[in-house]
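See structure below.
The values are calculated or read from the model by the stated rules, or taken from the named source; none is laboratory data. All values reported here derive from a predicted model rather than from experimental measurement. Neighbour counts are summed over all protein chains in view; Cβ atoms, including those assigned to glycine, are modelled from backbone coordinates with ideal geometry. Ligands, DNA and RNA are stripped out before the accessible areas are found, and what is left, the full protein with its side chains, is counted by its heavy atoms. Shrake-Rupley method; radii C 1.70, N 1.55, O 1.52, S 1.80 Å.
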Amino acid sequence: MTNDTWGAVRDQIRKSVGNNNYTAWIEPLGFERLDGSVLRLVAPTNFIGSWVTQNYSDVILRHCTAAGVRADRLECIVANTAAAPAPKAAVTPAPVAARKPAVAVNADLPGAALDPRFTFDAFVVGKPNELAHASARRVAAGNAVGFNPLFLYGGVGLGKTHLMQAIAWELQASQPHLRVLYLSAEQFMYRFIQALREKDTISFKQLFRSVDVLMVDDVQFIAGKESTQDEFFHTFNALIDQGKQIVISADRSPADITDLEERIRSRLQSGLVVDLHPADFELRLGVLQHKMAQFRAQNPDLAVAPGVLEFLADRISSNIRVLEGAVTRLFAFSTLVGGEITLDRAQDCLADILRASERKLTIDEIMKKVCEHYNLRMSDMVSARRTRSIARPRQMAMYLAKKLTPRSYPEIGRKFGGRDHTTVLHGVRKIEELITQDSQVAEDALLLERKLES
Ligand SMILES: Nc1ncnc2c1ncn2[C@@H]1O[C@H](COP(=O)(O)OP(=O)(O)OP(=O)(O)O)[C@@H](O)[C@H]1O
């Protein structure tokens with residue numbers, strides 16, 4: 001067995017155990033060696049090792065056998081945490097194809113069932129996603145076409161697929177006669193290639209033009225693929241001409257997808273284009289609370305010490321998939337060991353995810369971006385000058401430093417030319433206040449934050 005074989009086995013395991021379990025338990029495991037018939041894997045913590053051995057031995061060994069590797073026992077070795085780098089896998093998004101099954105609501109359309117977890121009820125709404133959520137709701141109401149196409153975009157794990165499938169669920173419940181097709185752009189391409197190979201593009205066109213609602217996920221995938229783009233364009237036009245609804249998602253806006261034909265870009269922009277912003281603290285906390293309530297409904301004994309969820313919301317990345325993986329593991333931990341989940345226990349159990357989520361952004365980078373934005377020199381950030389054209393950007397940089405790094409007020413003050421912590425506090429408060437009163441400041445803050453987090 002090699003690392004590559006283990007990689008392939010892991011992909012198969014994902015299909016058996018689902019994405020959340022995969023992220024929480026399987027993805028952090030590394031292949032160590034095969035000793036006779038004993039498969040040795042490396043786990044980042046003792047807890048993960050023993051949980052995996054108890055709960056996932058069978059499935060892991062079964063998939064090994066299917067891959068031609070003879071192993072009848074699993075042993076997890078704990079990595080030397082001091083030396084081991086944070087396992088990147090813990091936050092690496094899954095390959096698109098593996099995460100996005102072809103899904104159709106109607107039996108005669110290609111695909112299986114929608115993910116039962118991806119409903120509007122399970123979607124936590126916050127400032128970063130409220131517009132996307134409201135637009136999705138509007139489309140799901142299925143009234144006369146309002147936004148066509150609805151184009152949802154945003155970074156990894158921010159809920160695009162969840163929202164698209166929520167639309168499909170809702171339409172299925174309220175208007176079961178509608179033919180709704182959800183699939184990834186990759187699957188669209190493979191179906192098209194298959195049709196070409198089988199010289200049956202007529203059936204392909206008939207199928208795709210017979211739907212009432214077409215949802216295509218990760219459309220950036222077709223960039224640079226000429227004939228697929230061409231076919232997509234014709235399908236798109238045919239459906240729009242018939243007044244059918246189209247919902248598209250991508251990891252960036254139509255304007256930012258390179259290698260996309262101009263006519264497609266403008267078609268994609270012709271409806272409503274909405275982005276999902278990275279989850280902020282409140283949304284992350286909301287998701288954690290929602291998950292805790294769900295878990296508690298089945299396990300009333302779950303006890304989480306005050307401050308633990310806030311700590312996780314603060315420390316774990318804005319990717320909600322990673323956040324979900326973390327709570328899945330944490331709650332499993334609580335069922336295994338019993339008792340309250342304290343801060344110490346949470347830190348221990350999620351050490352690898354916390355390490356991987358550590359914010360790398362430095363105050364220098366923030367100052368640099370702010371200077372570029374306002375056309376100032378770095379020396380202005382640390383100088384004693386207090387004219388507004390310099391003081392405001394400096395306060396903006398302080399505000400961003402507080403928001404985007406774990407640095408304290410005194411630490412930030414030191415970076416800004418040895419200023420007192422009360423000066424920093426005042427600067428941060430000033431920007432917070434201005435954000436609510438002055439749309440230009442609010443826009444600057446949002447733009448800078450996005451640039452810094454991208
Ligand atoms: N607002 C939310 N409330 C509850 N769960 C959410 C929310 N946003 C995302 N999630 C959950 O996070 C996980 C990732 O979401 P999803 O697959 O929709 O992301 P995505 O934007 O399509 O990511 P990718 O770009 O990787 O395809 C899912 O399990 C989803 O249920």
Note to self: Students often forget the sequence filter, so: which lysines lie under 18 Å Cα-Cα from Lys369 once same-chain residues fewer than 8 apart are removed?
What the structure shows: Lys360, Lys402, Lys403, Lys415, Lys451
Notebook entry, point to check: Percent antiparallel among DSSP beta bridges with both residues in the chain, to the nearest 5?
Noted result: 20 percent
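Quick one: plug the Kirkwood hydrodynamic radius of the chain (C-alpha pairs) into Stokes-Einstein at 37 °C, 0.692 mPa s, and report D in µm²/s.
D, rounded to a whole number, is 134 µm²/s.
Where the accessible area of the chain is counted over protein heavy atoms with a 1.4 Å probe, how much of it, in %, is carbon and sulfur?
The nonpolar share, carbon plus sulfur, comes to 51 percent.
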Notebook entry, point to check: Mind ordering 155-165, 67-77 by average Cβ neighbours within 10 Å, highest first?
Noted result: 155-165, 67-77
Item checked: Where labels lie 7 Å past Cα in the beta-carbon direction, separation of Ser408 and Leu336 in nm -> 3.5 nm
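Multiply the residue gap between Asp4 and Glu365 by 0.36 nm, knock off their C-alpha separation, and tell me the result in nm, one decimal place.
126.3 nm
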Margin query: Which residues among the stretch 202-217 fall inside the zone where the amide N is under 14 Å from a point 7 Å beyond the Cα of Gln175, along Cα→Cβ?
Written below: 211-215
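Mind pulling up the Rg/Rh value for the stretch 109-275? Radius of gyration and Kirkwood radius, both on Cα.
The Rg/Rh ratio comes out at 0.94.
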Check: Rolling a 1.4 angstrom probe over the protein heavy atoms, how many square angstrom per residue are accessible across the stretch 363-453?
Finding: 57 Å²
Notebook entry, point to check: So if R0 is 41 Å, what FRET efficiency would Asp348 and Ser203 give, r being the distance between their Cβ atoms, rounded to the nearest 0.05?
Noted result: 0.15
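What is the calculated FRET efficiency for Ala305 to Ala122, with r their C-beta to C-beta distance and R₀ = 25 Å, to the nearest 0.05? It would help to have the intermediate numbers written out before the result.
Working: r = 25 Å, r/R0 = 1.01.
The calculated FRET efficiency here is 0.50.
Between Arg33 and Gln440, what FRET efficiency follows from the Cβ-Cβ distance if R0 is 41 Å, with the result rounded to 0.05?
Efficiency, from the Cβ-Cβ distance: 0.10.
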Item checked: Unit charges at the beta carbon, dipole of the chain: most positive-side option, Val370, Leu158, Pro44 -> Val370
Next item on the list: Show me 321-334, 223-236, 243-256 ranked by packing, highest mean number of other Cβ atoms within 10 Å first.
Entry: 321-334, 243-256, 223-236
Next item on the list: Divide by every residue of the chain the summed helix terms, -39500 (n - 2.57) for each DSSP H run of at least 4, and state the resulting mean residue ellipticity at 222 nm, rounded to the nearest 500 deg cm²/dmol.
Entry: -16500 deg cm²/dmol
Notebook entry, point to check: Ala293 versus Glu432, label points 7 Å from Cα toward the beta carbon: distance in nm?
Noted result: 2.6 nm
Note to self: Apply the Karplus curve 6.51 cos²θ - 1.76 cosθ + 1.60, θ = phi - 60°, to the phi angles in the stretch 394-403 and return the couplings in whole Hz, x for Gly and Pro.
What the structure shows: 5, 5, 4, 5, 5, 4, 5, 5, 5, 6
Next item on the list: Quick one: which residues, 5+ away or cross-chain, put their amide H under 5 Å from the amide H of Val125? H built at 1.01 Å from N.
Entry: none
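Can you classify the stretch 363-453 as rounded, prolate or oblate using the Cα gyration tensor, where a ≥ b ≥ c are the square roots of its eigenvalues, rounded means a/c under 1.5, and otherwise it's prolate if a/b beats b/c and oblate if not?
Details: a/c = 1.27, a/b = 1.21, b/c = 1.05.
Rounded shape, in that the Cα axes give a/c under 1.5.
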Note to self: Under a crude label model (7 Å from the Cα following the beta-carbon direction), how far is Arg265 from Thr53 in nanometres?
What the structure shows: 5.6 nm
